[in-house]
């Protein structure tokens, strides 16, 4: 059996830049869709040489806003992936979309092109919060887009952001109830964080708004875990909830530290080699990437080998996000060391005693309390 592989495709363009977003996304007056389609297909050819002989289990169109991509482009990329690699019969093909009426109108064509799962960036269900978050859709448009997604895709998910300025635990409980009434098999619920380089970072620093306090945000996190578990969508990762068997398989590839290739501006890849993991990073700027692909056949800006302690730490940082934790035997086959042995009693014992980490014969995992404080837990484990 060939080793499974995920394929990530980055579409870097948005209609506008959200004030909280630190992703590699850009606003342009016009995009030459044909030129971009040709470049993505060309870099796919290069990626197939980087990771030959694999079976593609998942594809993920991320961004940016890939629902702004012409459906013909998505279809061409999907067909090229199937031509270059063996592809699982039940391959999961996810596309991120904004829930504006214009983009939702493309859902039928995207489904026909081969997309079988859509992830909607709803972010909030009230008008004031949507304005604050810089979203271009209304709450009604979001609800309509979810209904449209349900008609065209067997699987769909949507995102919400909580711990917003002025938001109370009671208000979040009400919004969660509305979200659950709209949800299918998957929800992503993120706590608002202020990232350097965003407009919110500048606004927050000058006192334009204040976030809920740490205790209030923690209460909202705990409420989220409880309500979603009761509704049959328990957390399988810090911010992601799904019915059993309905997790996003592509994101599980990342968190389980399995192999994936990335194409498009700023896309990353990780794939196994004898000495460790080969890490690739494409050029971030859309125009620089496009020119490099047209000149060289790919836009690779950096290729490095992740090995030894660096590999152990990367795998820990990803795997401890999961409720299932890290499979010790799988980790050992990949990293060359059992994670418990690699970390040692001195680092693990205090965290186990405090209730933040659990160890058994098969797994190392962060508890719910540990996942809520994962940055602090990781700081103790990897420094």
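For the reader, a short list of remarks on this structure follows.
- Checking each residue in the range 54-107 for being assigned to a helix (DSSP H, G or I), farther than 27 Å from residue 127 by Cα and either over 21 Å from the mean Cα position of the chain (by Cα) or not assigned by TED's automatic domain parsing to the domain that holds residue 39 (or both) picks out 71, 72, 73, 75, 76, 79, 80, 82, 83, 84.
- Looking only at residues of the range 67-81 that are modelled with pLDDT of 95 or more and touching a strand residue (DSSP E or B) at 6+ places or on another chain (Cβ under 9 Å), we find that the one that is nearest to residue 261 (Cα to Cα) is 81.
- Restricting the range 140-183 to residues that are farther than 17 Å from residue 98 by Cα and in contact with a strand residue (DSSP E or B) (Cβ under 9 Å, 6 or more places away or on another chain) leaves a set whose member that is modelled with the lowest pLDDT is 154.
- Of the candidates 202, 193, the single residue that is in the same structural domain as residue 87 (by TED's automatic domain parsing), under 19 Å from the mean Cα position of the chain (by Cα) and either closer than 30 Å to residue 10 by Cβ or not in a strand (DSSP E or B) (or both) is 193.
- Condition met for residue 318 (touching a residue at least 24 places away in the same chain (Cβ under 8 Å) and touching a helix residue (DSSP H, G or I) at 6+ places or on another chain (Cβ under 7 Å)): yes
Each row is one residue, and each column tells you yes or no for (1) closer than 23 Å to residue 7 by Cβ; (2) modelled with pLDDT under 95; (3) surrounded by fewer than 19 Cβ atoms within 10 Å (Cβ to Cβ).
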{"position": "189", "(1), (2), (3)": "no, no, no"}
{"position": "197", "(1), (2), (3)": "no, yes, yes"}
{"position": "237", "(1), (2), (3)": "yes, no, no"}
{"position": "265", "(1), (2), (3)": "yes, no, no"}
{"position": "271", "(1), (2), (3)": "yes, yes, no"}
{"position": "276", "(1), (2), (3)": "yes, yes, no"}
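- Comparison of 288, 235, 218, 246 shows that the only residue that is touching a strand residue (DSSP E or B) at 6+ places or on another chain (Cβ under 9 Å) and either assigned by TED's automatic domain parsing to the domain that holds residue 378 or under 28 Å from residue 352 (Cα atoms) (or both) is 235.
- Odd one out for residue 29, checked against (1) in a strand (DSSP E or B); (2) under 26 Å from residue 131 (Cβ atoms); (3) without any contact (Cβ under 8 Å) to a residue 40 or more places away in the chain: (1)
- Some residue of the range 134-144 being at positive phi, in contact with a helix residue (DSSP H, G or I) (Cβ under 9 Å, 6 or more places away or on another chain) and assigned by TED's automatic domain parsing to the domain that holds residue 16: yes
- When we screen 324, 379, 345 for residues that are at pLDDT 95 or above and surrounded by fewer than 17 Cβ atoms within 10 Å (Cβ to Cβ), the only hit is 324.
- Condition met for residue 223 (touching a helix residue (DSSP H, G or I) at 6+ places or on another chain (Cβ under 8 Å) and either free of Cβ contacts under 8 Å to residues at least 12 places away in the same chain or surrounded by fewer than 18 Cβ atoms within 10 Å (Cβ to Cβ) (or both)): yes
The values are calculated or read from the model by the stated rules, or taken from the named source; none is laboratory data. Nothing here was measured: the structure is a model prediction, and the numbers come from that model. Ideal geometry is used to build each Cβ from the backbone, glycine not excepted, and the neighbour counts take in all protein chains shown.
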